[in-house]
1. Tell me, yes or no, whether segment B:51-61 has at least one residue that is closer than 27 Å to A:Glu114 by Cβ and among the acidic types (Asp, Glu).
2. Within segment B:66-107, how many residues are within 14 Å of chain A (Cβ to nearest Cβ), of a type in the set (Gly, Ala, Ser) and either in a strand (DSSP E or B) or surrounded by 17 or more Cβ atoms within 10 Å (Cβ to Cβ) (or both)?
3. Going by the structure shown, is B:Gly43 exposed (fewer than 15 other Cβ atoms within 10 Å of the Cβ), in contact with a strand residue (DSSP E or B) (Cβ under 6 Å, 6 or more places away or on another chain) and within 22 Å of B:Ser15 (Cα to Cα)?
4. So is A:Lys140 farther than 28 Å from B:His106 by Cβ, at pLDDT 95 or above, in contact with a Ser or Thr (Cβ under 8 Å, 6 or more places away or on another chain) and not in a helix (DSSP H, G or I) or not?
5. Under 6 Å between Cβ atoms, which residue pairs at least 6 apart in sequence (or on different chains) link something in segment B:133-152 that is within 14 Å of chain A (Cβ to nearest Cβ) and closer than 19 Å to B:His50 by Cβ with a partner that is assigned to a helix (DSSP H, G or I) and open to solvent by 10 Å² or more (accessible area, probe 1.4 Å)?
6. Considering only segment A:108-118, state which residues are open to solvent by 10 Å² or more (accessible area, probe 1.4 Å), at the interface with chain B (Cβ under 10 Å from one of its Cβ atoms) and touching a residue at least 12 places away in the same chain (Cβ under 8 Å).
7. If you check B:Gly53 against the conditions, is it over 22 Å from B:Asp3 (Cβ atoms) and either within 14 Å of chain A (Cβ to nearest Cβ) or assigned to a loop (DSSP other than H, G, I, E, B) (or both)?
8. Go over the candidates A:Gly59, A:Gly26, A:Gly63, A:Gly9 one by one and state the one that is assigned to a helix (DSSP H, G or I) and either within 14 Å of chain B (Cβ to nearest Cβ) or buried (at least 16 other Cβ atoms within 10 Å of the Cβ) (or both).
Number of protein chains: 2
Amino acid sequence: MVDIVHRVGIKAPPSKVYSALSTIEGLAGWWTKATTGDPKVGGTIAFRFHTPGGDEIGGFDMGVLELTPDQRVRWRVKGGPEEWVGTDVDFSLSQSDGYTVVLFGHRNWREEVEFTAHCSTKWATFLLSLRDLVETGQGKPAPADLKIGDWH
Amino acid sequence: MVDIVHRVGIKAPPSKVYSALSTIEGLAGWWTKATTGDPKVGGTIAFRFHTPGGDEIGGFDMGVLELTPDQRVRWRVKGGPEEWVGTDVDFSLSQSDGYTVVLFGHRNWREEVEFTAHCSTKWATFLLSLRDLVETGQGKPAPADLKIGDWH
């Protein structure tokens, strides 16, 4: 199995980071504006992405597996690109030196493909968008996300 | 073994990206200004990092394993944090849709630790610094690198 991992420190209390990971409004503020669904455990959250012109170009359906306030959020991918379906996304929060540390994992890819590498870089930019949202009130959710090349 | 992978597309010819990966001046323009050594195959390049006050806080010594013009650069880590020593760093270039695509791997970590996650995120920011250097002439090498939390 192949895992993508990242670590970002955010200058804010865990409750603010947790809120950005566990509510539709929070998620829409750093990943993609087109976020809808039921963010409770057992629910499904739909993340969608669009061209600047407004055409839908894809997305992910995440089943919420765990919500431990101020500590952990876990999802299982229920719909999206075939490489993603069945993989797990995990945000673990801890505190260090005035920061809330987000330890991120997108785990259990069946194999490493070029798309894995793209998603790894893209996750880094979205986690920095999460950081910016929590620290400044302004993230960079899609369609205003940072582009990283020919695959967006 | 654990691998960090990333993928970034750069709007420039492969020769410009290769130059930024294979010369001291190029490397100093996106990773760390304190880059010295022999960038030829069989040589060792020393990358060092400093506090804003100028104190050295660490670094890496990379043995150059491969230089295939406009296609590939490979290093083996000879000195640095113990988690890094013996691991391999690999930049593979290809062309896609007007971009030079950099497929990056930092491979053969003995285990996944929190430092792996930190380095994964940090590599993403440095690869975007490489992109900025090649596309605009201005990267963000250390000590002006983007900070990602309590571990810099």
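1. So far as segment B:51-61 goes, no, none of its residues is closer than 27 Å to A:Glu114 by Cβ and among the acidic types (Asp, Glu).
2. Adding up the residues that qualify gives 4.
3. yes
4. Answer is no for this residue.
5. The qualifying pairs are B:Leu146/B:Thr125; B:Trp151/B:His118.
6. Of everything in segment A:108-118, those that are open to solvent by 10 Å² or more (accessible area, probe 1.4 Å), at the interface with chain B (Cβ under 10 Å from one of its Cβ atoms) and touching a residue at least 12 places away in the same chain (Cβ under 8 Å) turn out to be A:Glu112, A:Val113, A:Phe115, A:His118.
7. yes
8. It is A:Gly26.
The values are calculated or read from the model by the stated rules, or taken from the named source; none is laboratory data. Note that the coordinates shown come from a computational prediction; the quantities given were computed from them, not determined experimentally. Quick reminder, even Gly has a Cβ in these numbers, built from the backbone with ideal geometry, and neighbours come from all protein chains shown. Note: areas computed on protein heavy atoms with side chains; ligands, DNA, RNA excluded. Shrake-Rupley method; radii C 1.70, N 1.55, O 1.52, S 1.80 Å.
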